[in-house]
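J.: If you scroll down you'll find the structure; I have some questions about it.
The values are calculated or read from the model by the stated rules, or taken from the named source; none is laboratory data. None of these values were measured; they are calculated from a predicted model. Don't worry about glycine lacking a Cβ; one is built from the backbone with ideal geometry, like all the others, and counts go over all protein chains shown. With ligands, DNA and RNA removed, areas are computed over all heavy atoms of the protein, side chains included. Shrake-Rupley method; radii C 1.70, N 1.55, O 1.52, S 1.80 Å.
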Amino acid sequence: MSLFVQKYGGTSVGTVERIESVAEKVINFRKQGHDMVVVVSAMSGETNRLIGLANQIQDSPDAREMDVLVSTGEQVTIALLCMALKKRGFDARSYTGTQVKILTDSAHTKARIQDIDVSNMRADLDAGRVVVVAGFQGVDEHGNITTLGRGGSDTTGVALAAALKADECQIYTDVDGVYTTDPRVCEGARRLDKITFEEMLEMASQGSKVLQIRAVEFAGKYSVPLRVLHSFQDGPGTLITLDEDFSDMEQPVVSGIAFNRDEAKVTVAGVPDTPGVAARILAPIGAANIEIDVIVQNASADGTTDITFTVHRNDLEKAKTVLGKVCTDVNAREVIADDKIAKVSIVGVGMRSHAGVASKMFDALAEDNINIQMITTSEIKIAVIIDERYLELAVRSLHKAFGLDAIEK
């Protein structure tokens, strides 16, 4: 007997009929003798509907009350799925994040999990029940409902799998695995049978929407085997696993092309080039809970420099407000914002042992007259910031340049 944690996304539970189908899938595993913990998202479109209601009331809704509001979507789903299981003669019990006690910090709308109490879930599993848990939510030490950010149900699933020491965490979604890039952008995209945690972490951080980055971090940290599967089709999906599992395989140089449309670029121009000035600019951005991605500081000219960085597009207005005050404090000339950019990245553990990868990437972009505005690298990734209108062309060019079209399913 194995313990599986399965997570079903919004499209998987988008209608009563689909919830019934999920119940059948769970029961099939239960009949094989497996213990089952099921994490579900809100029904497709429900979270957006709730956010829309909030925006009709407040232009910038209160973060604590937003968490109270949007967490109700998953509460509907867990109850309906338990009803579907009970109707079929299988005992089940639903839990909100608060009832499990998924303890988080108090960063509303972006909370991070600190601890999970598994005692009640263990008791239910021992009693033969299916445990159904609301994804995306938790509770802070003061009893406030918190949420983990969009896509947070993936993180809930993996965190529960880690806490329960599950044999596998299965993420059911509307795609049949992890692809070399988004098939909607590049027709030649191919499903990967396996990918390392390290590669998947880079893919997620660079814009791949298949899994939330924190879910991959949890899986890698606690060595939870993670599999991405299609909710409505049979198939092996993609297994996300440790590096050593690839020791008998010849890894391609590049495993995938990730991209992110949700980027915005901010430049603080004419900054006095003095020690500590970068910290004085970026510290208030961090204090405002705004995540920074790519950072570039230009060479000093006439005693001044420009500091450019990227943020999520949704945080741009907040960043401009913060920097308006900072500019005066550091005596900078101006703040320049650009929300018409995108990030494209190549990712692969094979890059560690191959030279010339960067030049090949830049040549491919140059052939299509795509200008690179910023560059950032890691051991297994090269990411560039480009004009948003060239995004899809860049993805297709790089996919072809690195031979990813030729990878067999």
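J.: Restricting attention to segment 1-22, which residues are surrounded by fewer than 19 Cβ atoms within 10 Å (Cβ to Cβ), of a type in the set (A, V, I, L, M, F, W, C) and part of a helix (DSSP H, G or I)?
T.: Filtering segment 1-22 for residues surrounded by fewer than 19 Cβ atoms within 10 Å (Cβ to Cβ) gives 1-3, 11, 15-18, 20-21.
Subset that is of a type in the set (A, V, I, L, M, F, W, C): 1, 3, 16.
VAL16, the sole residue that qualifies.
J.: Can you pull out every residue in segment 137-158 that is buried (at least 24 other Cβ atoms within 10 Å of the Cβ) and either within 15 Å of THR98 (Cβ to Cβ) or more than 21 Å from the chain's Cα centre (by Cα) (or both)?
T.: At the first step, the residues of segment 137-158 found to be buried (at least 24 other Cβ atoms within 10 Å of the Cβ) are 137-138, 146-148, 152-158.
GLN137, GLY138, THR146, THR147, LEU148, GLY152, THR156, listed by residue number.
J.: Considering segment 145-198 alone, what residues qualify as being hydrophobic (A, V, I, L, M, F, W, C), under 25 Å from ASN48 (Cβ atoms) and touching an Asp or Glu at 6+ places or on another chain (Cβ under 8 Å)?
T.: Within segment 145-198, ILE145, ILE171, VAL185 meet the criteria.
J.: Do any strands (runs of 3 or more DSSP E) entirely within segment 256-349 hold 1 or more residues that are charged (D, E, K, R) and in contact with a strand residue (DSSP E or B) (Cβ under 9 Å, 6 or more places away or on another chain), and if so, which? Working first, answer last.
T.: Numbers: elements: 256-260, 263-272, 292-297, 304-312, 334-338, 341-347.
Result: 263-272, 292-297, 304-312, 334-338, 341-347.
J.: Would you say ARG30 is out of contact with any His (no Cβ under 7 Å at 6 or more places or on another chain), modelled with pLDDT under 95 and under 22 Å from ALA161 (Cβ atoms)?
T.: Answer is no for this residue.
J.: Give just the number: which of (1) in contact with a helix residue (DSSP H, G or I) (Cβ under 7 Å, 6 or more places away or on another chain); (2) open to solvent by 30 Å² or more (accessible area, probe 1.4 Å); (3) farther than 25 Å from VAL311 by Cα does HIS399 not satisfy?
T.: With (1) in contact with a helix residue (DSSP H, G or I) (Cβ under 7 Å, 6 or more places away or on another chain); (2) open to solvent by 30 Å² or more (accessible area, probe 1.4 Å); (3) farther than 25 Å from VAL311 by Cα applied to HIS399, the lone miss is (2).
J.: While we're looking at this one, here's another question. Can you pull out the residues in segment 288-312 that are among the charged types (D, E, K, R) and open to solvent by 50 Å² or more (accessible area, probe 1.4 Å)?
T.: Start the filter on segment 288-312 by keeping residues that are among the charged types (D, E, K, R), which leaves 291, 293, 302, 306.
Answer for segment 288-312, where residues must be among the charged types (D, E, K, R) and open to solvent by 50 Å² or more (accessible area, probe 1.4 Å): GLU291, ASP293, ASP302.
J.: Kindly indicate whether any position in segment 370-385 is closer than 19 Å to SER255 by Cα, surrounded by fewer than 19 Cβ atoms within 10 Å (Cβ to Cβ), out of contact with any strand residue (DSSP E or B) (no Cβ under 8 Å at 6 or more places or on another chain) and free of Cβ contacts under 8 Å to residues at least 12 places away in the same chain.
T.: Within segment 370-385, none of the residues are closer than 19 Å to SER255 by Cα, surrounded by fewer than 19 Cβ atoms within 10 Å (Cβ to Cβ), out of contact with any strand residue (DSSP E or B) (no Cβ under 8 Å at 6 or more places or on another chain) and free of Cβ contacts under 8 Å to residues at least 12 places away in the same chain.
J.: Sticking with this one: When the residues of segment 386-396 are filtered to those that are open to solvent by 60 Å² or more (accessible area, probe 1.4 Å) and in contact (Cβ under 8 Å) with a residue 60 or more places away in the chain, which remaining residue is nearest to LYS360 (Cα to Cα)? Please lay out each step first, then the result.
T.: First, pick out the residues of segment 386-396 that are open to solvent by 60 Å² or more (accessible area, probe 1.4 Å): 389-390, 392-393, 396.
Subsequent filtering for residues that are in contact (Cβ under 8 Å) with a residue 60 or more places away in the chain retains 392, 396.
Working: GLU392: 18, ARG396: 14 Å.
Of everything passing the filter in segment 386-396, ARG396 is nearest to LYS360 (Cα to Cα).
J.: Report, ordered by the first and then the second residue, all pairs with beta carbons closer than 9 Å, sequence separation of six or more or different chains, a first member in segment 115-136 that is farther than 12 Å from ILE102 by Cβ, and a second member that is of a type in the set (S, T, N, Q) and surrounded by fewer than 17 Cβ atoms within 10 Å (Cβ to Cβ).
T.: Final answer for the pair search is VAL131/ASN120.
J.: Also, quick follow-up: Looking at GLY97, GLY151 in this structure, which one is at pLDDT 95 or above and closer than 25 Å to LYS25 by Cα?
T.: On the way: GLY151 fails: at pLDDT 95 or above.
From the options GLY97, GLY151, the qualifying one is GLY97.
J.: Conditions: (1) within 19 Å of TYR8 (Cα to Cα); (2) not in a loop (DSSP other than H, G, I, E, B). ALA123 meets all but one. Number of the miss?
T.: In the conditions (1) within 19 Å of TYR8 (Cα to Cα); (2) not in a loop (DSSP other than H, G, I, E, B), ALA123 misses (1) alone.
J.: Given the structure, is ILE102 touching a residue at least 40 places away in the same chain (Cβ under 8 Å) and either crowded, with 23+ Cβ neighbours inside 10 Å or under 26 Å from ARG49 (Cβ atoms) (or both)? Give the steps one after another, and end with the answer.
T.: Working: touching a residue at least 40 places away in the same chain (Cβ under 8 Å): yes; either crowded, with 23+ Cβ neighbours inside 10 Å or under 26 Å from ARG49 (Cβ atoms) (or both): yes.
Yes; evaluated as a whole, the condition is true for this residue.
J.: If you don't mind, there's one more thing I want to ask. Might you check whether a residue that is in contact with a helix residue (DSSP H, G or I) (Cβ under 6 Å, 6 or more places away or on another chain), in contact (Cβ under 8 Å) with a residue 40 or more places away in the chain and surrounded by fewer than 19 Cβ atoms within 10 Å (Cβ to Cβ) occurs anywhere in segment 230-243? Lay out the reasoning, then the answer.
T.: Within segment 230-243, the first condition is being in contact with a helix residue (DSSP H, G or I) (Cβ under 6 Å, 6 or more places away or on another chain), and the residues that meet it are 240.
This time we only want the ones that are in contact (Cβ under 8 Å) with a residue 40 or more places away in the chain, so: 240.
Pick out the ones that are also surrounded by fewer than 19 Cβ atoms within 10 Å (Cβ to Cβ) and you get none.
Taking every residue of segment 230-243 in turn, none turns out to be in contact with a helix residue (DSSP H, G or I) (Cβ under 6 Å, 6 or more places away or on another chain), in contact (Cβ under 8 Å) with a residue 40 or more places away in the chain and surrounded by fewer than 19 Cβ atoms within 10 Å (Cβ to Cβ).
J.: Continuing with this model, one more query. Considering only residues that are closer than 25 Å to GLU24 by Cβ and surrounded by fewer than 16 Cβ atoms within 10 Å (Cβ to Cβ), which ones fall in segment 105-136?
T.: We begin by selecting, within segment 105-136, every residue closer than 25 Å to GLU24 by Cβ; these are 121, 124-136.
ASP126, ALA127, GLY128, listed by residue number.
J.: List every residue pair whose Cβ atoms sit under 6 Å apart, with the two residues 6 or more apart in sequence or on different chains, where the first one lies in segment 296-323 and is touching a residue at least 12 places away in the same chain (Cβ under 8 Å) and under 17 Å from THR109 (Cβ atoms) and the second, anywhere, is open to solvent by 20 Å² or more (accessible area, probe 1.4 Å) and of a type outside the set (A, V, I, L, M).
T.: As it stands, the answer is HIS312/ASP262; ARG313/ASP262; ARG313/ASP339; LEU316/ASP339, since those pairs meet every condition given.
Here's the yes/no breakdown for (1) among the small types (Gly, Ala, Ser); (2) within 16 Å of the chain's Cα centre (by Cα); (3) part of a loop (DSSP other than H, G, I, E, B):
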position: GLU198; (1), (2), (3): no, yes, no
position: VAL210; (1), (2), (3): no, yes, yes
position: VAL228; (1), (2), (3): no, yes, no
position: PHE232; (1), (2), (3): no, no, yes
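J.: Right, here's the next one. What number of residues in segment 23-57 are open to solvent by 60 Å² or more (accessible area, probe 1.4 Å) and closer than 25 Å to ARG227 by Cβ?
T.: In the first step, residues of segment 23-57 are kept if they are open to solvent by 60 Å² or more (accessible area, probe 1.4 Å); the result is 24, 28, 31-32, 44, 48-49, 53, 55-57.
Then drop every residue that is not closer than 25 Å to ARG227 by Cβ, which leaves 24, 28, 31-32, 44.
Selection size over segment 23-57: 5.
J.: Within the set of pairs 6 or more residues apart or between chains, which connect a residue that is touching a residue at least 60 places away in the same chain (Cβ under 8 Å) inside segment 16-27 to a residue that is surrounded by fewer than 18 Cβ atoms within 10 Å (Cβ to Cβ) with Cβ atoms less than 7 Å apart?
T.: These pairs meet every condition: ALA23/ARG88; ILE27/ARG88.
J.: For segment 159-185, name all the residues that are open to solvent by 10 Å² or more (accessible area, probe 1.4 Å) and either more than 30 Å from LEU125 (Cα to Cα) or under 13 Å from the mean Cα position of the chain (by Cα) (or both).
T.: Matches in segment 159-185: TYR179, ASP182, PRO183, ARG184, VAL185.
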